[in-house]
Amino acid sequence: MFDQLSDRLQATLSDVRSRGKLSESDVDAAMREIRLALLEADVNFKVVKSFTKTLKERCLGADVMGSLDPGQQVVKIVNEELTGLMGGVGSELAFANSGPTVILMAGLQGSGKTTACAKLARYLRENGKKDVALAACDVYRPAAVDQLVTVGGRVGAHVYEKGTDADPVEIAAWALDQAKAERRDVLIVDTAGRLHVDTDLMEELARIRKRIQPHDVLLVVDAMTGQDAVGVAESFAEAAEFDGVVMSKLDGDARGGAALSVKAVTGKPILFASTGEKLEAFDRFHPDRMASRILGMGDVLSLIEKAEQQIDEKQALDLEQKLRRNQFTLEDMLQQMRQVRKMGPLSGILGMLPGMGAMKQLKNADVDESQLDPVEAIILSMTPEERANPAIIKGSRRKRIANGSGVRPQNVNQLIKQFDQMRKLMRHVASGKAPDQQQLASMMGGAPRPKVRRR
Amino acid sequence: MVERLEHEVESGAVAADGEAVQARLIELLAEVAGTARAPIDLTGEPAVLLMVGVNGTGKTTTIGKIAWHLSKELGLSVILAAGDTYRAAAAEQLAEWANRAGAELVRSEEGADPGAVAFDAVEAARSRGADVVIVDTAGRLHTQDNLMDELAKVRRVIGKQLPGAPHETLLSIDATTGQNGLRQAKVFAEAVEVDGVVLTKLDGTAKGGIVLAIADELQIPVKLIGTGETLEDLRPFDPTDFANALLSGG
């Protein structure tokens with residue numbers, strides 16, 4: 001995410017940090033680097049200009065130059081300003097006091113509206129326990145209604161649709177009536193993609209807005225949009241008066257221009273970010289966390305949140321008990337693996353750790369999770385008895401398991417051996433003794449090693 | 001390029017007045033954008049076109065437009081392959097375009113192997129003697145290696161069914177894309193040997209200047225431009241018109 005920008009800013013700042021004292025020309029040089037980095041990242045030039053101006057003023061302030069550690073102060077200021085540029089503290093959706101909360105989605109063609117609708121519906125269901133319905137008002141793009149019905153079904157949201165012959169304004173109004181009658185908590189209205197210069201369609205959007213009086217209007221913006229992002233956002237601000245932005249396709253190698261410019265130009269915050277193909281890859285956008293990530297300071301908060309969401313506390317307690325009594329079985333190992341994988345791609349998790357960005361070998365590493373699949377398959381091919389007591393796995397059982405999971409008998413042996421070592425190690429830990437270094441090393445060496453591929 | 005223009009003005013080859021400089025600049029821009037119109041290769045029997053690109057850049061719409069031109073204006077028989085088996089209702093969307101263009105559609109269920117769909121489509125075209133096969137693919141971000149590998153496989157599978165195919169691999173790029181577009185083109189070109197770019201959504205305020213960088217650095221010409229929602233809104237790319245548009249207006 002924003003790799004290039006991140007690299008350049010980090011390089012500039014580490015140079016600043018390494019100096020004991022900062023002269024005005026040092027600050028000037030750093031500002032020039034930051035300006036170039038932002039411009040190269042497609043950040044709107046006006047935004048860059050005012051950003052670096054404020055930054056410079058603050059950096060040259062007496063409290064910075066006179067401080068014991070001016071370099072550190074500059075880093076702190078850049079972090080704060082970057083956070084401010086993206087919207088300061090995380091903003092929230094507005095919810096209705098009574099009746100359904102209506103959210104209208106708008107954007108250019110192909111920015112990812114329909115997908116964002118489904119992802120947002122899923123997000124609100126999971127995190128707010130809301131009963132969410134969708135309204136299919138894209139009557140222009142072929143099969144857009146089908147798409148919404150399908151993805152809506154996947155996330156468990158009811159979809160109000162009237163095919164493609166009705167007027168979008170009428171569909172929206174009708175869907176709102178339905179949502180009221182059926183006492184839905186939230187109604188998300190999908191609209192057709194439209195170019196901001198297409199006056200007819202922009203007027204239609206304004207009419208939908210007027211008719212259904214949404215509580216929130218969200219503009220979906222492709223993170224890879226270049227300088228044009230600003231023009232688009234301005235036109236949509238006029239026609240739809242949107243309240244917030246959903247940044248889509250943030251998992252690509254977007255340079256960050258759109259994300260960094262939109263708030264400054266329109267004054268509207270980025271509320272959500274979409275970061276992957278799967279419907280779960282959607283989350284609140286936190287400017288402060290994003291700024292830390294860009295500056296290579298990691299995002300431990302998001303990591304903890306993710307872990308909390310996925311890991312069941314009771315299960316964790318059970319596991320601890322089992323570990324203490326040395327009753328850890330292959331079944332438990334399987335559960336553990338699944339929980340970690342539920343947190344999303346391992347490469348994404350690595351990106352949230354502080355300092356990981358600076359580690360060269362991890363930079364372009366692609367953690368191949370499919371390496372974990374055979375392990376899962378092997379365990380799944382075992383009987384419950386075998387999972388609890390792998391010692392009974394001998395010749396014919398081993399052969400059966402290997403056949404069942406499509407691996408060779410040696411692989412089954414390997415897994416059991418690793419598991420035994422792991423258990424031994426845990427016994428040490430549980431008994432309070434420090435694990436034998438050698439044992440630890442052999443276990444690590446024997447573990448299924450993620451395939452690291454360099455690009 | 002700016003250096004070259006400066007040099008030409010200084011050496012007196014180009015008169016030092018605003019109009020002449022602008023005219024020369026347009027010439028130079030057009031030169032970078034592509035020397036001549038790059039045709040689409042339809043000599044294969046059947047000719048196989050593979051459409052690739054990032055999510056939401058307009059692949060399916062472009063295919064619909066190409067199919068319409070080939071079938072209604074050139075009278076060719078066209079088969080469309082619904083190779084986007086990932087996105088919900090992508091095949092339905094293509095079916096609608098096939099219907100409008102009077103083309104046949106080869107599809108499979110959602111989640112099916114896109115290579116298999118492409119294979120079947122080319123096979124169908126060969127047995128029925130169709131002129132052109134256009135293979136749609138799921139949008140994918142160029143940063144996702146596994147999806148890029150899948151795309152390379154689709155290309156290989158097509159080549160296996162019909163040696164020499166696909167005859168034309170087109171990459172769709174959204175005109176609003178920024179500097180990132182160059183990277184997209186590079187990675188897609190590495191995976192599937194892109195023959196040409198389709199620059200879509202040129203009807204907005206975006207000018208698609210990024211294709212200059214793509215043509216210059218990767219030698220991939222722009223072949224088609226998409227300028228609107230209707231079937232007729234697809235045109236061959238004209239470098240001079242493009243250079244003019246790039247410089248005109250805000």
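The values are calculated or read from the model by the stated rules, or taken from the named source; none is laboratory data. Predicted model only: the values in this text are computed from it and were never measured. Here Cβ is always computed from backbone atoms with ideal geometry, including for glycine, and neighbour counts include all displayed protein chains.
All conditions in (1) touching a residue at least 24 places away in the same chain (Cβ under 8 Å); (2) under 30 Å from A:L148 (Cβ atoms); (3) under 27 Å from the mean Cα position of the chain (by Cα) hold for A:T83, with the sole exception of (2). When we screen A:K278, A:K249 for residues that are surrounded by fewer than 22 Cβ atoms within 10 Å (Cβ to Cβ) and within 14 Å of chain B (Cβ to nearest Cβ), the only hit is A:K278.
Scanning the stretch A:193-210 for residues that are assigned to a helix (DSSP H, G or I), within 13 Å of chain B (Cβ to nearest Cβ) and of a type in the set (D, E, K, R) yields one hit, A:D200. May I ask you to verify whether A:D222 is among the acidic types (D, E) and within 14 Å of chain B (Cβ to nearest Cβ)? Criteria met by A:D222. Looking only at residues in the stretch A:88-113 that are more than 18 Å from the chain's Cα centre (by Cα) and within 12 Å of chain B (Cβ to nearest Cβ), the one that is farthest from B:L199 (Cα to Cα) is A:G107. Residues that are among the charged types (D, E, K, R) and in contact (Cβ under 8 Å) with a residue 12 or more places away in the chain were ranked within the stretch B:75-95; the one that is farthest from B:L49 (Cα to Cα) is B:R87. Could you please let me know if B:N244 is touching a residue at least 60 places away in the same chain (Cβ under 8 Å) and either surrounded by 20 or more Cβ atoms within 10 Å (Cβ to Cβ) or away from chain A (no Cβ under 14 Å) (or both)? Judged against the criteria, B:N244 is a match.
Within the stretch A:118-141, the set of residues being farther than 16 Å from A:A166 by Cβ and either within 12 Å of chain B (Cβ to nearest Cβ) or modelled with pLDDT of 90 or more (or both) comprises A:A118, A:K119, A:L120, A:A121, A:R122, A:Y123, A:L124, A:R125, A:D131, A:V132, A:A133.
Among the residues in the stretch B:23-33, are any modelled with pLDDT under 75 and part of a loop (DSSP other than H, G, I, E, B)? No: the stretch B:23-33 contains no residue that is modelled with pLDDT under 75 and part of a loop (DSSP other than H, G, I, E, B).
Does at least one position in the stretch A:60-68 carry a residue that is surrounded by 15 or more Cβ atoms within 10 Å (Cβ to Cβ) and closer than 30 Å to A:E234 by Cα? For the stretch A:60-68, residues surrounded by 15 or more Cβ atoms within 10 Å (Cβ to Cβ) and closer than 30 Å to A:E234 by Cα: absent. Could you list, in sequence order, all residues of the stretch B:74-102 that are touching a Ser or Thr at 6+ places or on another chain (Cβ under 8 Å) and not in a loop (DSSP other than H, G, I, E, B)? Hits for the stretch B:74-102 are B:V78, B:A90, B:A91, B:Q93, B:L94, B:W97, B:A101. Of all residues in the stretch A:84-139, those satisfying the criterion of being of a type in the set (S, T, N, Q), closer than 30 Å to B:L202 by Cα and assigned to a loop (DSSP other than H, G, I, E, B) are A:Q109, A:S111. Against the criterion of being in contact (Cβ under 8 Å) with a residue 12 or more places away in the chain, within 29 Å of A:K113 (Cβ to Cβ), among the aliphatic types (A, V, I, L, M) and outside any strand (DSSP E or B), B:I63 qualifies. Any residue in the stretch A:154-163 that is more than 14 Å from chain B (Cβ to nearest Cβ), assigned to a loop (DSSP other than H, G, I, E, B) and not aliphatic (A, V, I, L, M)? For the stretch A:154-163, residues more than 14 Å from chain B (Cβ to nearest Cβ), assigned to a loop (DSSP other than H, G, I, E, B) and not aliphatic (A, V, I, L, M): present.
When A:A11, A:A41 are checked against the criterion of being under 27 Å from the mean Cα position of the chain (by Cα) and more than 14 Å from chain B (Cβ to nearest Cβ), a single residue qualifies: A:A11. Is one or more of the residues making up the stretch A:219-239 charged (D, E, K, R), modelled with pLDDT of 90 or more, farther than 25 Å from A:L39 by Cβ and surrounded by fewer than 19 Cβ atoms within 10 Å (Cβ to Cβ)? For the stretch A:219-239, residues charged (D, E, K, R), modelled with pLDDT of 90 or more, farther than 25 Å from A:L39 by Cβ and surrounded by fewer than 19 Cβ atoms within 10 Å (Cβ to Cβ): absent. The residues on offer are B:E92, B:E96, and the sole one that is at the interface with chain A (Cβ under 10 Å from one of its Cβ atoms), among the acidic types (D, E) and under 25 Å from A:S248 (Cα atoms) is B:E92.
The single condition among (1) over 13 Å from B:T137 (Cα atoms); (2) in a helix (DSSP H, G or I); (3) of a type in the set (A, V, I, L, M); (4) within 14 Å of another protein chain (Cβ to nearest Cβ) that B:L105 does not meet is (2).
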